[in-house]
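K.L.:
Pasting a structure here, questions to come.
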Amino acid sequence: MTARIIDGKVIAAELRARVAEEVARVKREHQVTPGLAVVLVGNDPASEVYVRSKHTQTQAAGMASFEHKLPADVAQANLLALIEKLNRDPTVHGILVQLPLPKSLHTETIINAIDPAKDVDGLHPNNAGRLAGGFAALSPCTPLGCIILTKSVHASLEGMNAIVIGRSNLVGRPLVQLLLNENATVTIAHSRSKDLPQLCARADLVYAAVGKPEMVRAGWIKPGATVIDVGINRLPIADGKTRLVGDIAFKEVSEVAGAITPVPGGVGQMTVACLLVNTLRAACALHGLPKPAV
Ligand SMILES: NC(=O)C1=CN([C@@H]2O[C@H](COP(=O)(O)OP(=O)(O)OC[C@H]3O[C@@H](n4cnc5c(N)ncnc54)[C@H](OP(=O)(O)O)[C@@H]3O)[C@@H](O)[C@H]2O)C=CC1
Ligand SMILES: Nc1nc(=O)c2c([nH]1)NC[C@@H]1CN(c3ccc(C(=O)N[C@@H](CCC(=O)O)C(=O)O)cc3)C=[N+]21
């Protein structure tokens, strides 16, 4: 069996087009232009790539994009002052602080300083708690993208066995909550879990968010399962160049799985598209407008 490839590029482009339509409507009917501020501390080259693609796609959707680049040795007080300024700025509806932050900064303090209504990453404890409680919340973009990709294969996830490998606040934990909201039965695995291959064997849906290149092997996968690869790992190839690989051994797993996401061209595409969705939703909520159609 050869798996169907879930095309994140196509699905993300469709989503961005729907966002752009809604942005145009909100601008026309309410004179509101959704705005996203991205804060990048330091100059990690991989982070710069993501930040640039967020910037381009935000503008392409008709939204305002604000980029703030700070040096790696920025004082925590200065970063907090910038966040306060963005919290008060009426043209900014979404604030994203690119992670990980340099070790000299206290991530929890920084995240807690973001206005939960502008927290388009869904990382503030208000939003994380609301999501865990099953209440409406701004939810993290990557897990939202994973759910949309899964639903491109399965109209309903009710009663399906899912395994999420990874329990970070950015990906694994919120993904578990979204899957629960979809009435899936969820196993959460992490670095202390025993016998991952056996835990995966029952899963109809496999999500890998670990950061270990090609860790998940064909022998772990139930034939026909849907496999969603969140991992973004840069492997060195010849003459200083790198190649992106996921956490799934794509080639061999695609011989067993029913459907699989590629890296690149899978979840990463959806992350940026869902960031636009969250910014649009935040802008509507902040202005007391009805929920947008996306
Ligand atoms: N495509 C996209 O849009 C995005 C991709 N990513 C990528 O996804 C991956 C995960 O990101 P993130 O969640 O932020 O990473 P973290 O490093 O924060 O979390 C990794 C998780 O994997 C678990 N883990 C580590 N080693 C193993 C192992 N051998 N077996 C089982 N579990 C293990 C850890 O367990 P423990 O908790 O016990 O330490 C932890 O829960 C990375 O490759 C990242 O680049 C991230 C965000 C967006
Ligand atoms: N506060 C915060 N929120 C995040 O959502 C966040 C973060 N910090 N830190 C880093 C991770 C990683 N991340 C990605 C976003 C897009 C792609 C993406 O667009 N990937 C393309 C390929 C990009 C390339 O070629 O380099 C793809 O997979 O097709 C990947 C990874 C968001 N993250």
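The values are calculated or read from the model by the stated rules, or taken from the named source; none is laboratory data. Treat the numbers as computed from the prediction; the structure is a model and nothing was measured. Don't worry about glycine lacking a Cβ; one is built from the backbone with ideal geometry, like all the others, and counts go over all protein chains shown. Side chains are part of the model used for accessible areas, which takes the heavy atoms of the whole protein and leaves out ligands, DNA and RNA. Shrake-Rupley method; radii C 1.70, N 1.55, O 1.52, S 1.80 Å.
K.L.:
With r as the distance between the Cβ atoms of Ser104 and Glu84 and R0 = 22 Å, compute the FRET efficiency 1/(1 + (r/R0)^6) and round to 0.05.
P.N.:
0.70
K.L.:
Treating the angle as unsigned and between 0 and 90°, give the value, to the nearest 10°, between the Cα long axis of helix 76-88 and the longest Cα principal axis of the chain.
P.N.:
With both axes taken from Cα atoms, the answer is about 70 degrees.
K.L.:
Return one quarter of the surface area of the convex hull spanned by the alpha-carbon atoms of region 2-85, equal to its mean projected area, in nm².
P.N.:
The Cα convex hull of region 2-85, projected and averaged over all directions, gives 7.9 nm².
K.L.:
Right, another one. Accessible area per residue, 1.4 Å probe, Å², for the chain: what's the number? The partial results should precede the final answer.
P.N.:
Values: 13660 Å² over 294 residues.
On a per-residue basis, the chain sits at 46 Å².
K.L.:
Could I ask something else about it? Determine by what factor the alpha-carbon radius of gyration of region 141-268 differs from 2.2 N^0.38 Å, reporting the quotient.
P.N.:
Region 141-268 yields a ratio of 0.99.
K.L.:
Same structure, new question: If packing is taken as the average count of other Cβ atoms within 10 Å, what order do 192-202, 171-181 fall into, highest mean first?
P.N.:
Most protected by this proxy first, the peptides run 171-181, 192-202.
K.L.:
Provide the gained length on full extension for the span Asp73 to Met1, in nm with one decimal, where the gain is 0.36 nm per separating residue minus the Cα-Cα distance.
P.N.:
Full extension from Asp73 to Met1 adds 20.7 nm.
K.L.:
If the limit is 20 Å between Cα atoms, which of Lys9/Lys151; Lys222/Lys251; Lys194/Lys222; Lys54/Lys118; Lys54/Lys151 go over it?
P.N.:
Table pairs above 20 Å Cα-Cα are Lys54/Lys151.
K.L.:
Just to be sure I understand: with springs between alpha-carbon atoms less than 10 Å apart, which residue in Thr91, Thr109, Thr142 has the highest mean-square fluctuation in the Gaussian network model of the chain?
P.N.:
Thr109
K.L.:
In deg cm²/dmol and to the nearest 500, what is the mean residue ellipticity at 222 nm of the chain if only DSSP H runs of at least 4 residues count, each as -39500 (n - 2.57), divided by the residue total?
P.N.:
Calculated from helices alone, the mean residue ellipticity at 222 nm is -12500 deg cm²/dmol.
K.L.:
Per-residue counts of other Cβ atoms within 10 Å, averaged by peptide: what ranking do you get for 1-9, 221-229, highest first? Kindly include the intermediate steps, with their values, before the conclusion.
P.N.:
Numbers: 1-9: 16.4, 221-229: 22.7.
The densest-packed peptide leads the list: 221-229, 1-9.
K.L.:
First compute the accessible area of region 30-115 with a 1.4 Å probe, then give the percent of it belonging to carbon and sulfur atoms.
P.N.:
Answer for region 30-115 is 56 percent, counting heavy atoms of protein chains only.
K.L.:
Follow-up. In debye to the nearest 20, how big a dipole does region 141-268 give about its Cα centre with +1 on each Lys and Arg Cβ and -1 on each Asp and Glu Cβ?
P.N.:
The calculated dipole for region 141-268 is roughly 320 debye.
K.L.:
Okay, moving on. Might you list the cysteines of the chain that have no disulfide-compatible partner by the rule of another cysteine's Cβ under 4.7 Å?
P.N.:
Unpaired cysteines in the chain: Cys146, Cys200, Cys284.
K.L.:
Ignoring ligands, DNA and RNA, what percent of the accessible area of region 153-218 is carbon or sulfur (1.4 Å)? Walk me through the intermediate numbers first.
P.N.:
Details: 1560 of 3360 Å².
Roughly 46 percent, rounded to a whole number.
K.L.:
Let me ask you something else. Which order do the peptides 204-216, 69-81, 126-138 take when ranked by the mean count of other beta-carbon atoms within 10 Å per residue, highest first? Before the final figure, lay out the partial values.
P.N.:
Values: 204-216: 22.6, 69-81: 13.7, 126-138: 16.8.
For the peptides 204-216, 69-81, 126-138, the packing ranking is 204-216, 126-138, 69-81.
K.L.:
Report, to the nearest 10°, how far helix 141-151 tilts away from the longest principal axis of the Cα atoms in the chain, using its own Cα long axis and a range of 0 to 90°.
P.N.:
50 degrees
K.L.:
I need the shape label for region 122-204. Rule: rounded when a/c is under 1.5, else prolate if a/b > b/c, else oblate, with a, b, c from the alpha carbon gyration tensor.
P.N.:
Taking the square roots of the gyration eigenvalues as a ≥ b ≥ c, region 122-204 is oblate.
K.L.:
For the chain, what value does the Rg/Rh ratio take when both radii are computed over Cα atoms and Rh is the Kirkwood radius, given to two decimals?
P.N.:
A ratio of 0.97.
K.L.:
Give, in whole angstrom and from largest to smallest, the semi-axes √(5λ) of the equivalent ellipsoid of region 195-294, with λ running over the eigenvalues of the Cα gyration tensor. Before the final figure, lay out the partial values.
P.N.:
Details: eigenvalues 200, 79, 21 Å².
With the √(5λ) rule applied to region 195-294, the semi-axes are 32, 20, 10 Å.
K.L.:
Can you bin region 50-148 into rounded, prolate or oblate? Criterion: square roots of the alpha carbon gyration tensor eigenvalues sorted a ≥ b ≥ c, rounded for a/c under 1.5, prolate for a/b above b/c, oblate for the rest.
P.N.:
Working: a/c = 1.55, a/b = 1.16, b/c = 1.34.
Oblate.
K.L.:
Tell me, in nm to one decimal, what length is gained between Val10 and Thr91 on full extension, where the rule is 0.36 nm per residue of separation less the Cα-Cα distance?
P.N.:
Stretched fully, the Val10-Thr91 segment lengthens by 26.1 nm.
K.L.:
Turning to a different aspect of this structure: Round to the nearest 0.05 the FRET efficiency obtained for Arg25 and Lys251 when R0 = 35 Å and r is the Cβ-Cβ distance.
P.N.:
The computed FRET efficiency comes out at 0.20.
K.L.:
With label points built 7 Å along Cα→Cβ from the Cα atoms of His154 and Ala238, find their separation and express it in nm.
P.N.:
Distance between label points: 4.2 nm.
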